[in-house]
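Below is one structure, written out as structure tokens; the observations come after it.
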Amino acid sequence: MSAGKFEYAPAPESRSVVDLRSSYGLFVGGEFVPTADGRMFKTVSPATEEVLAEVTEAGTEDVDRAVRAARTAFDSVWGPMSGRDRGKFLFRIARLIQERARELAVLESLDNGKPIRESRDVDIPLVAAHFFYYAGWADKLEYAGFGADPRPVGVAGQVIPWNFPLLMLAWKIAPALACGNTVVLKPAETTPLTALLFAEICQQADLPPGVVNIVTGAGATGQAIVEHEGVDKVAFTGSTEVGKAIARSVAGTHKLVTLELGGKAANVVFDDAPLDQAVEGIVNGIFFNQGHVCCAGSRLLVQENVYDEVLDRLKRRMATLRVGDPLDKNTDVGAINSAEQLRRIATLSEVGEAEGAERWSAPCELPDRGYWFAPTIFTGVTQAHRIAREEIFGPVLSILTFRTPAEAVEKANNTPYGLSAGVWTEKGSRILWMADRLRAGVVWANTFNRFDPTSPFGGYKESGHGREGGRHGLAAYLRAGNPKEAARA
Ligand code: TAP
């Protein structure tokens with residue numbers, strides 16, 4: 001245990017609340033079914049490398065079956081159902097998520113590696129909040145500003161990443177269902193388990209068969225969903241590279257598409273900021289969820305005259321972070337999600353050193369088994385460095401400096417991405433001045449990584465297009481958004 005850390009007895013959350021099956025089929029047409037043409041793969045705990053379960057790798061025939069089930073449910077039950085009745089199902093799902101919150105949180109931490117403190121206090125409460133929020137919209141769509149009689153799109157094909165597995169599922173499924181669509185969703189290869197537990201919750205809620213279909217698998221399964229002719233709308237969250245491939249594949253088809261992609265957010269600290277709070281915000285911005293956050297504050301821009309002080313306080317704070325067992329309630333930073341992601345973080349960190357930046361890692365003992373990376377910062381970073389330009393998607397912070405607000409804006413916007421940004425200052429006028437100029441979908445002021453179902457989220461530039469969350473999030477799942485579009489439809 002390093003100096004500065006309090007000694008705590010281990011406080012592990014019990015795994016006994018989770019009833020893991022040894023293998024899982026696909027959830028199609030309201031039932032768990034075996035694959036027609038796919039294979040099985042294993043999902044492991046990234047903290048221990050223990051195999052948790054075998055999961056089905058859906059092939060094209062399975063995807064076709066799922067899309068057909070979704071179409072039938074859309075035509076026969078869910079599309080014609082009144083918004084009021086759809087809302088009841090969504091409220092029921094939201095309540096079941098709350099009832100089974102502990103089970104979901106433990107399973108998420110097991111499969112993903114994130115600290116139980118975060119899955120219990122952030123992920124799962126937000127998942128329930130999303131279902132409650134969109135349940136409320138289901139019978140009010142005609143007042144949402146999308147025309148007098150907005151219609152669902154049809155069958156939505158949804159592909160999500162591994163960093164917030166159940167939360168990304170909620171961002172996709174809750175608005176889609178509220179608007180009257182049915183869905184085929186693929187969770188990420190490394191984190192399928194909470195999506196499969198969600199399928200059980202759909203059964204428990206008596207959701208009509210085929211409204212939600214969960215097909216597990218890798219990239220090829222995602223591609224089969226995206227390319228399926230029976231899919232009317234593609235919703236994707238993931239890397240910019242795969243997002244571009246998806247945009248190319250749906251171009252020229254009838255499909256609507258929304259893309260939530262990567263980021264390289266600037267977190268800008270001015271000299272008049274309350275520095276202790278700013279340091280908390282910096283730590284939360286980059287070490288929350290091991291930095292596996294698309295809107296992570298991975299580029300810290302500090303005003304030059306407070307640079308030494310901020311750096312000093314930041315290192316002191318980082319030395320108190322507890323890295324280790326995700327199921328321990330005292331853990332601040334859990335495991336890296338996969339061996340592949342760990343390699344990517346390690347490689348980019350080596351590139352940072354090779355290009356001349358100075359590396360410092362928090363003193364901590366990393367467990368022997370599993371995938372781990374100590375919270376790390378780089379100083380002496382210039383805008384040309386790869387670690388200042390590329391998304392690392394791990395607990396690695398690049399620190400740059402600036403002198404004037406104009407320089408801060410110029411550096412913050414000097415990125416192909418534009419998902420989020422943070423501003424730390426005590427001047428309200430400066431916050432507004434910065435927010436006007438930062439080319440980012442979300443700008444946080446004197447806070448970071450705050451999410452709420454009522455608030456839209458999405459990117460500029462290569463961070464994607466379309467918004468999720470809030471009233472704006474409905475637009476992606478409704479046709480005839482305005483009278484002109486209605487006339488064309
Ligand atoms: P990706 O490799 O892009 O994977 C995302 C999802 O797409 C996974 O389910 C993946 O399956 C699937 N996929 C892979 N290749 C595909 C293809 N050719 N066609 C269709 N689907 C395909 O990203 P990732 O590594 O999981 O996630 C990290 C990235 O997501 C980061 O760049 C991060 O910034 C971004 N992200 C963005 C947001 C928002 S809201 N903007 C939120 C979270 C994450 P497999 O898992 O089986 O490979």
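The values are calculated or read from the model by the stated rules, or taken from the named source; none is laboratory data. It should be emphasised that the depicted structure is a prediction, and the values quoted were computed from it without experimental measurement. Cβ atoms come from the backbone with ideal geometry, glycine included; neighbour counts cover every protein chain shown. Accessible surface areas use protein heavy atoms only, side chains included; no ligands, DNA or RNA. Shrake-Rupley method; radii C 1.70, N 1.55, O 1.52, S 1.80 Å.
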Legend entry - Rounded to 5, percent antiparallel among DSSP beta bridges of the chain: 35 percent
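I need the shape label for the stretch 21-173. Rule: rounded when a/c is under 1.5, else prolate if a/b > b/c, else oblate, with a, b, c from the alpha carbon gyration tensor.
Here the stretch 21-173 falls in the oblate category.
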Legend entry - For Cys295, solvent-accessible area (1.4 Å; no DNA, RNA or ligand), Å²: 0 Å²
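Sort Thr382, Thr425 by accessible area with a 1.4 Å probe, largest first. Intermediate values should be presented prior to the final figure.
Values: Thr382 65, Thr425 0 Å².
Descending order: Thr382, Thr425.
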Inset, instruction - For an R0 of 30 angstrom, estimate the FRET efficiency from the Cβ-Cβ distance between Glu7 and Asp308 and round to the nearest 0.05. - result: 0.45
Inset, instruction - Assign unit charges at the C-beta atoms only (+1 for Lys and Arg, -1 for Asp and Glu), then state the dipole size of the chain relative to its Cα centre in Debye, rounded to the nearest 20. - result: 1160 debye
Legend entry - Hz values of 3J(HN,Hα) by residue in the stretch 410-427 - Karplus curve (6.51, -1.76, 1.60), Gly and Pro given as x: 4, 5, 4, 7, 7, 7, x, 8, x, 8, 8, 7, x, 10, 10, 6, 8, 8
Legend entry - Simple label model, 7 Å out from Cα along Cβ direction - Gln204 to Arg39, nm: 3.4 nm
Legend entry - Computed accessible area, His228, all protein chains, 1.4 angstrom probe, square angstrom: 40 Å²
Legend entry - Relative contact order, percent, the chain [alpha-carbon distance under 8 Å, six or more residues apart]: 18 percent
Legend entry - If the convex hull is drawn through the Cα atoms of the stretch 266-445, its volume per residue in Å³: 110 Å³
Legend entry - Exposure of Thr253 as accessible area (Å², to 10), given a probe of 1.4 Å and all protein chains: 60 Å²
Legend entry - Spin-label pair Arg15/Ser361, simplified geometry with 7 Å Cα→Cβ offset, distance in nm: 2.5 nm
Inset, instruction - State which stretch of the chain is the longest one without any exposed chymotrypsin sites (Phe, Trp or Tyr not before Pro), exposure meaning a DSSP loop state and at most 14 other Cβ atoms within 10 Å. - result: 9-489
Inset, instruction - Positive end of the charge dipole of the chain (Lys, Arg +1 and Asp, Glu -1 on Cβ, about the Cα centre): tell me which of Ala70, Cys179, Gly418 has its Cα farthest that way. - result: Cys179
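What number does the chain give for Rg over Rh if you use C-alpha atoms and the Kirkwood radius?
With Rg and the Kirkwood Rh in hand, the quotient comes to 0.97.
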Legend entry - Rounded Å value of the spacing that divides the Cα centres of the stretch 265-291 and the stretch 79-157: 30 Å
Legend entry - Accessible area of the chain divided out per residue, in Å², using a probe of 1.4 angstrom: 39 Å²
Inset, instruction - Calculate what fraction, in whole %, of the accessible area of the stretch 266-445 sits on carbon and sulfur atoms when a 1.4 Å probe is rolled over the protein chains. - result: 46 percent
Inset, instruction - Distance check, please: which entries in Lys186/Lys244; Lys411/Lys461; Lys264/Lys427; Lys172/Lys255; Lys264/Lys461 exceed 20 angstrom between their Cα atoms? - result: Lys264/Lys427
Inset, instruction - Can you bin the stretch 134-190 into rounded, prolate or oblate? Criterion: square roots of the alpha carbon gyration tensor eigenvalues sorted a ≥ b ≥ c, rounded for a/c under 1.5, prolate for a/b above b/c, oblate for the rest. - result: prolate
Legend entry - Label-point separation, Ala384 to Glu340 (7 Å along Cα→Cβ), nm: 3.3 nm
